[in-house]
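The values are calculated or read from the model by the stated rules, or taken from the named source; none is laboratory data. Since this is a predicted model, take the numbers as computed values, not measurements. Cβ placement follows ideal geometry from the backbone for every residue including glycine, while neighbour counts extend to all protein chains displayed. The area values use the complete protein model at the heavy-atom level, side chains included, leaving out ligands, DNA and RNA. Shrake-Rupley method; radii C 1.70, N 1.55, O 1.52, S 1.80 Å.
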Amino acid sequence: MSFMKKNLLISVWMTIATTILLGIVYPLVVTGLAQVLFKDKANGQLISQNGKVVGSRIIGQAFTGPAYFHSRPSNAGNGYDATASSGSNLGPTSKALVQRITQSVSAETTAQPVPVDLVTASGSGLDPDISPAAAYYQVGRVSRSTGIPEDILRKLVEVHIVQRQFGLLGEPRVNVLELNLALHALSQQKTVPSR
C-alpha cells in the first residue's frame with residue numbers, strides 16, 4: 001500500500017471515528033447526564049400550573065394588561081420570540097432608540113422617574129427578569145387595576161426578589177412570570193403567598 005493511500009485511509013477512519021465519538025456518543029452522554037443531574041435546567045426550567053406549561057423561568061413573556069406586572073421591552077422578533085433572539089443593535093446616539101425610549105417614558109402616567117429596564121430591551125430580547133425598582137414602580141397601576149392594596153403588592157414583590165448569586169454575582173431581580181403567577185394566586189385567595 002502506498003504512503004498516500006495509507007494516509008488517506010487513516011484520515012477517513014479518523015473522520016468516521018471522531019464523528020461517531022464527538023457527534024453521537026459525547027452528545028448522548030452529556031444529554032443523559034444533564035437529564036439525570038439537572039433535569040429542570042436541561043428541560044428549559046418550565047413552569048406548570050394545573051398540569052399545563054405556562055412558561056419558562058429563563059425566557060421572558062409579554063404582559064401588557066394593566067392588572068399585571070410588565071416585562072422589559074423585547075426586540076426579539078415580534079416580542080419574546082426565542083427563534084429571533086437578539087438586541088436592537090441601536091447605539092446610544094441612535095435617533096430611533098431615543099425616540100422609542102421617549103415614547104415609552106411618555107406613555108407612563110406617573111410623575112416618578114421610570115426605571116431604565118422598563119423602557120430598554122435586554123441584549124437577548126428574552127430577559128425574564130426586571131429590577132426590584134421596576135417591579136415596585138408598577139405597584140400603583142397593578143393595585144388600581146386589581147383592587148389589591150399597594151402594601152400587599154409591595155410585600156408580594158419583596159418575597160419575589162432574587163438576590164445576587166453568592167452575594168456578588170449579578171443584580172437583584174424579580175422574575176416577571178413568577179411574580180404574575182403569584183399575583184394571580186393572590187387575586188384568587190386575597191392572601192400573600194410566601195415563597
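At-a-glance table
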quantity	calculated
Subset of segment 40-61 [within 14 Å of L179 (Cα to Cα), among the aliphatic types (A, V, I, L, M) and open to solvent by 70 Å² or more (accessible area, probe 1.4 Å)]	I58
Failed item in (1) in contact with a Ser or Thr (Cβ under 8 Å, 6 or more places away or on another chain); (2) basic (K, R); (3) farther than 27 Å from S145 by Cβ, with K6 passing the rest	(1)
Residue list for segment 127-164, restricted to those being of a type in the set (D, E) and not in a helix (DSSP H, G or I)	D127, D129
The one condition in (1) closer than 30 Å to T146 by Cα; (2) of a type in the set (S, T, N, Q); (3) surrounded by 10 or more Cβ atoms within 10 Å (Cβ to Cβ) that S85 fails to fulfil	(1)
Segment 106-136 - residue that is under 19 Å from A67 (Cβ atoms) and open to solvent by 20 Å² or more (accessible area, probe 1.4 Å) and, of those, nearest to the chain's Cα centre (by Cα)	L118
Of residues in segment 149-186 being over 26 Å from V105 (Cβ atoms), surrounded by 13 or more Cβ atoms within 10 Å (Cβ to Cβ) and in contact with a helix residue (DSSP H, G or I) (Cβ under 7 Å, 6 or more places away or on another chain), the one modelled with the lowest pLDDT	L186
Qualifying helices (runs of 4 or more DSSP H) (wholly inside segment 1-111; at least 2 residues being touching a residue at least 12 places away in the same chain (Cβ under 8 Å) and at negative phi)	95-107
Segment 1-39: number of residues that are within 30 Å of Q61 (Cα to Cα) and either open to solvent by 80 Å² or more (accessible area, probe 1.4 Å) or of a type in the set (V, I, T) (or both)	7
Complete set of residues in segment 65-92 that are of a type in the set (S, T, Y) and either at pLDDT 85 or above or closer than 26 Å to A34 by Cα (or both)	Y68, S71, Y80, T83, S85
A133 aliphatic (A, V, I, L, M) and at pLDDT below 85	no
Filtered residues of segment 94-149 (kept if farther than 23 Å from A76 by Cα and among the basic types (K, R))	R141, R144
